[in-house]
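Scroll down for the structure; my scribbles are underneath it.
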């Protein structure tokens, strides 16, 4: 699946993933009203609104980008009904030819981590049939529990030719509280990165590993070092746009081949219609077209980062 | 809710939480057959079997213990249907008067962490009604992302009088890979524990904080130090039984008041009927009675740990 992701990034000339992190406050009133009218002003109605909203964005952007990254928390927030909307979103995006990065940040130990891996990127075999509980191609994984937590994901990903991105240095302001602590003069995130590079060797694609890393756009200096520690690991870069990252600062995340990183934007794309410069041109009923324009603009902006010569 | 948990621990004289981590291989054949016959040999049938299995264990142990800890991975493994069984299990255990510790190990940043908190221990307000997507009383939280990841949980827990246990030192063999790294001569898990003690001050119950910690039974020496760093934080102790922890070694996790820790056993209780010494006395059809006997035995064993004089 990493080969597939790299191929699609090249084909679409866009190292971009659209973060599908819907909040009810992003969703235009007319979608909410139709959904609540059909299913009630309850969790089911809210989940329907999220799904309809996502569908609009996927329909307007799928030809431009290689992948989407639904953030499961925004669905889990609405319980079982929300998680049904998560699955429906993944399935629909897949039908449209997109790679699905499930931003689930799971991590546990042994059979428990394996259960998460099976649930999201694996299969449950019952009798003669195999079932895919959820249907992502990649998941994000939290490394705090060590190899015991990560290896079961690698095992399942190998069987299914799927992949993962392991949290190394996250984009948020307080990520340094633990991640930057110095161990023999080196920050913890570099020690995690050493491990990611090593785990990555266990599950290589053609050029890049199926095991990638998450490094926030908000920390480009650290990104530069981490790019070198993990030359064969794809880096998923959150924190572009709303969190402050800009294309001109992101060159450090890419390798000389112009590959090696995929940049996520969530709010900046899916909620573009509410913000300048899009709010002037697009009303709520054009939210999906606004998201398309935001992708086109991001594509241009990112060329400063990955086109190297 | 921490006051409620402490009260129930005292009433039942049992600092024990039953880990509801069902695997299909634990479930007696007759339950599987009935469930598959009713719903098909599919994810729905598997989820039904898990729910029926859990119900039997809850019915046979609820009068002995203060709490249950369903491990969500074991349900998420079966997708939306599995998560419905998770919710059903939580609701049923709550009806039986048990405190619910959702072992979800979630952690993200800002509004995303808040969405997880709302989903598991909070409420979604839609119009005039509030909905509880899932219905735990406590959740486990992964601290790798720092305060940005934890504080949204504290905010929601304060509103709802609910609580959390933050991963400090996990019970697995490779937990030391990152958690034991020395920072200025102190292991990272102690630095996390400093923070847990500090976060705990923001949300105190009568004697203990609503913010607790997870420290594995498999590391009693570290537990001794961590007990002192976090005197007002309840410690959830996994790793008893199947993972190697024993009552006589667990005294260090308790305070002088005989409180301050709650010990989890999962396989050792819910799968007791398959193992010595229970397998000789209990067949598959008595799996729930075997779990009751395992709780009674654990209760006796733990007295060595918390009765101090």
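The values are calculated or read from the model by the stated rules, or taken from the named source; none is laboratory data. This one's a predicted model, so the numbers in the text were calculated from it and none came from an experiment. Cβ placement follows ideal geometry from the backbone for every residue including glycine, while neighbour counts extend to all protein chains displayed.
Some observations on this one:
- Looking only at the stretch A:75-98, residues that are more than 10 Å from chain B (Cβ to nearest Cβ), in contact with a helix residue (DSSP H, G or I) (Cβ under 6 Å, 6 or more places away or on another chain) and at positive phi come to 0 in all.
- If you go through the stretch B:112-128 and keep only what is facing chain A (nearest Cβ under 7 Å) and modelled with pLDDT of 95 or more, you end up with B:112, B:115, B:116, B:118, B:119, B:124, B:126.
- Residue in the stretch A:129-149 that is nearest to the other protein chains (Cβ to nearest Cβ), counting only those that are free of Cβ contacts under 8 Å to residues at least 12 places away in the same chain and in contact with a helix residue (DSSP H, G or I) (Cβ under 6 Å, 6 or more places away or on another chain): A:146
- The stretch A:1-23, residues that are out of contact with any helix residue (DSSP H, G or I) (no Cβ under 6 Å at 6 or more places or on another chain) and farther than 20 Å from residue A:297 by Cα: A:1, A:2, A:3, A:4, A:5, A:6, A:7, A:23
Matching residues to (1) closer than 24 Å to residue B:269 by Cα; (2) in contact with a helix residue (DSSP H, G or I) (Cβ under 6 Å, 6 or more places away or on another chain):
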{"position": "B:151", "(1), (2)": "no, no"}
{"position": "B:170", "(1), (2)": "yes, no"}
{"position": "B:178", "(1), (2)": "no, no"}
{"position": "B:187", "(1), (2)": "no, no"}
{"position": "B:205", "(1), (2)": "no, yes"}
{"position": "B:219", "(1), (2)": "yes, no"}
{"position": "B:233", "(1), (2)": "no, yes"}
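- A search for C-beta distances below 9 Å between a residue of the stretch A:56-74 that is within 14 Å of chain B (Cβ to nearest Cβ) and any residue that is part of a helix (DSSP H, G or I) and surrounded by fewer than 21 Cβ atoms within 10 Å (Cβ to Cβ), counting only pairs 6+ apart in sequence or on different chains, returns A:73/B:111; A:73/B:114; A:74/B:111.
- Residue check: residue B:171 meets all listed conditions (1) under 27 Å from residue B:111 (Cα atoms); (2) within 11 Å of another protein chain (Cβ to nearest Cβ); (3) within 18 Å of the chain's Cα centre (by Cα); (4) surrounded by fewer than 24 Cβ atoms within 10 Å (Cβ to Cβ) but one, namely (1).
- Close Cβ contacts (under 7 Å, 6 or more residues apart or on different chains) running from residues in the stretch A:235-248 that are on the phi > 0 side of the Ramachandran plot to residues that are in a loop (DSSP other than H, G, I, E, B) and modelled with pLDDT of 90 or more comprise A:239/A:171; A:239/A:216; A:239/A:217; A:239/A:218; A:244/A:218.
- Number of positions in the stretch A:153-168 that are within 22 Å of residue A:266 (Cβ to Cβ) and over 18 Å from the mean Cα position of the chain (by Cα): 0
- Complete set of residues in the stretch A:33-42 that are surrounded by fewer than 21 Cβ atoms within 10 Å (Cβ to Cβ) and either more than 10 Å from chain B (Cβ to nearest Cβ) or part of a helix (DSSP H, G or I) (or both): A:33, A:34, A:36, A:37, A:38, A:39
- Boolean, residue B:163 is modelled with pLDDT of 95 or more, within 11 Å of chain A (Cβ to nearest Cβ), buried (at least 23 other Cβ atoms within 10 Å of the Cβ) and closer than 24 Å to residue B:151 by Cα: no
- Test set (1) buried (at least 24 other Cβ atoms within 10 Å of the Cβ); (2) within 9 Å of chain B (Cβ to nearest Cβ); (3) not in a strand (DSSP E or B) - residue A:157 fails condition number: (2)
- Residue match in the stretch A:224-234 (condition: over 24 Å from residue A:106 (Cα atoms), at pLDDT below 95 and surrounded by fewer than 24 Cβ atoms within 10 Å (Cβ to Cβ)): no
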